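To keep things clear, I will list the structure first and then write my remarks on it.
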Amino acid sequence: MRRNRTFRLIAGAGVLALAAGFAPSVAQAAPSAAGVTWGPCADADDDLPARLVCATLTVPVDWAQPGGATFQLALAKLPAADPAKRVGSLFVNPGGPGGSGVSFVYGAESSFSPQLIDQFDFVSFDPRGQARSKPVLCDGDLAVAQDQQSFPSSAVEYERLRRTNRALGESCDQLSGPLARHVDTTSVVRDMDAVRAAIGESKISYYGVSYGTMIGQQYAELFPDRIRGLVIDSNMDHSLDIWNYQKWEATAMEGSFLQFAAWCGRTPTCALHGEDIPAYFDELYAETDSTDLLWTTFGYMYDPADWFEFAQYLEQLGGGSRSERRGEPVELGYRPVMCQDFIFDTRPYWAVAALKGRLAKLAPHTKLNPLAWTDLTGCQNWPGAVVNPPHRLNASPELPPILMTNSRYDIATPYEWGQSLAAQLPSATFVTYDGVGHGDYWLSPCARAAIDTYLVTLQTPPAGTHCPAVFPTTANKNKKSLINPLTGQLTR
C-alpha cells in the first residue's frame, strides 16, 4: 500500500550576498556563570538510563545586554557509563535549526557508539527559541500561507509572498517577545559557552551534524582556546553567495536522484527496476503536483536505506492529503534563525525567475532543491536585522586539529559546501564519504570509526581519506521520521 509522504517546510533560508570584510574577533571570556543543579528529567521515558539528568541555566535574551531580560535554557547530561575511563564532556547538536539537543542526549545510547557512551559525558541544550528553551511561536495560519506561497510563478504572487513573510515575522515578535529577534547562531554559541562555564569545563569536545556544524564552526571562531576536539559532520558553509548556495544545492539534489536511479537499475528488487527512471520521473513531474514530488524526493535522499520505499512511492504515485495545523500558534524554530544568519532580500521578481531558470538547466530532472529554494523565498521581506551576516571563518592559529566529514551526494549540505569550509579551517582534516545521504556518522561505518577514534584519541585519519559508499540491499524496517511531529517541519 502506498504511504503518503509529503515533505514540506514551514521554514527556510538562503544567501544573497557575502558580507565583505566581516570577520568577528575572538571573544573575551564569558561572564561567570553559577553552576547548574542537575536533577531528574521530567519528560524522560522510563526506559532511558537512570543516570540521565537535566537542568536549566539562566542566560540573557540579548548577549549585548547581559544585565537585561533573561530566559531559561534547557540542559541535559548523560554521564559517562564508565567513569574510570571518562575523557570529558562531549557537547552534541543534531542540526535544524530546530533540533532538540536535549532529546539528542536522551537518545545518545541508541545513536552513538558504546565507546563514546562509556568515555564521555554527553551534554547538550535546546537552543534558544527551540523546544524546551522558550520556543519561538508564530501565527499558524500565516505559516501555512507562507508554505503554500513559497514557489511563486509571477510578480503578483511574489509580492503576496513578501507580504505574508513580513506578517509572519511580525507575528513571531508579537507571540514570542524580544527573543524572536535574538535566535541567531552567534547567540546560540554564546549560550553554549555559558553552559561550558557553568558545568566547570575549561575545554569541551563537540560533535555537530548539519546546522549543528554552524554552531561548531562559530564556536571555534569565537572560543578557539576552549575546544579539546571538534567534529563537524555534513557541513553548512556560512560564506556562500546566493548563486553558489542555490547551485550546489540543486546539483546535489539532481546528483542524489541520479544515484538512486542507477541503484534501482542494478537492483532487481527495486520496484522500478527496468524502467528509464529519469524519464519516468520527468513524466510524473509534468503530470502531478511537482512541489509535493520534489519535497518527497528530497526527503528520501537523506538515507539510501529508504530507497526501496521511495521506488514503491514513485510506482504507486497517486492522491493523498496531509494535515495542517491552522488557527493557533505554532513553533517556528527554523525560519527566524536562518533569516538572522543570512542575507536574502531579492528584488525584483524577474531576478528570482531568472535564477530558477538557471537552476533548471543545471538539474534537468529535479529542477531545483526545495529546501534551498524555500530558504530563499521564505526570508524575503522578513522583519528585523540580519545580526549574524554571512562571512568566511576567521580561523585562529590556536585551534586544535579538527575533523570534518561530508557525503559526496548530500541534498541538505552539499559536498562543495564542505570543500569550501575546509579551505577556511587550516587545521581541519576532511573525510569524504563517497555515498549518498546526510549525516555520515549513521551512514558510513568507515566515517563513524574515524569520528570515534578522533574524539577519544584526537588522532585524525590521513589527509584525503575516502570512505566507500554503502547502498541498501533490503528494505529498511526501522525507518526514522525526518518530520517534526509538532510542526510538520523538515530541517537540516
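Tabulated data for the structure shown
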| read-out | value |
| --- | --- |
| Share of carbon and sulfur in the accessible heavy-atom surface of segment 334-469 [1.4 Å probe, %] | 57 percent |
| Cα-based Lys pair tally, the chain, threshold under 20 Å, eight or more apart or on separate chains | 8 |
| Alpha-carbon centroids, segment 132-192 and segment 201-252: separation in whole Å | 23 Å |
| Segment 132-228: radius of gyration and largest Cα-Cα distance (Dmax), Å | 18.2, 56 |
| Average accessible surface area per residue within segment 183-225, 1.4 Å rolling probe, Å² | 16 Å² |
| Peptide ranges 276-287, 54-65 listed from the most packed, as the mean C-beta count within 10 angstrom indicates | 54-65, 276-287 |
| Whole-number D in µm²/s for segment 62-124 (Stokes-Einstein; Kirkwood sum over Cα pairs; 4 °C, 1.567 mPa s) | 100 µm²/s |
| Size of segment 102-175 as Cα extents on the principal axes (Å, biggest first) | 58, 28, 14 |
| Per residue convex hull volume, Cα atoms of segment 385-478, in Å³ | 145 Å³ |
| Cα Rg, Dmax (largest Cα-Cα span) when computed across segment 176-297, Å | 21.3, 60 |
| In segment 173-249, the trypsin sites (Lys or Arg not before Pro) that fall in loop regions by DSSP, at most 14 other Cβ within 10 Å | Lys203 |
| Rounded, prolate or oblate (a/c below 1.5 giving rounded, otherwise prolate when a/b exceeds b/c) for segment 225-375 by Cα gyration tensor | prolate |
| The chain: antiparallel DSSP beta bridges as a percent of all, rounded to 5 | 40 percent |
| At q = 0.24, 0.30, 0.34 Å⁻¹, base-10 log of I(q)/I(0) for segment 410-452 (Debye sum, equal scatterers on each alpha carbon) | -0.91, -1.14, -1.19 |
| Per residue convex hull volume, Cα atoms of segment 304-454, in Å³ | 199 Å³ |
| Amide H within-cut-off set for Ile343, under 5 Å, with H built and near neighbours excluded | Leu16, Ala17 |
| 1.4 Å probe accessible area per residue over segment 69-162, in Å² | 32 Å² |
| Share of carbon and sulfur in the accessible heavy-atom surface of segment 58-102 [1.4 Å probe, %] | 51 percent |
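The values are calculated or read from the model by the stated rules, or taken from the named source; none is laboratory data. These numbers come from a predicted model, not from an experiment. Glycine gets a Cβ as well: all are built from the backbone with ideal geometry, and neighbour counts include every protein chain shown. Quick note on the areas: whole protein, heavy atoms, side chains included, nothing else; ligands and nucleic acids left out. Shrake-Rupley method; radii C 1.70, N 1.55, O 1.52, S 1.80 Å.
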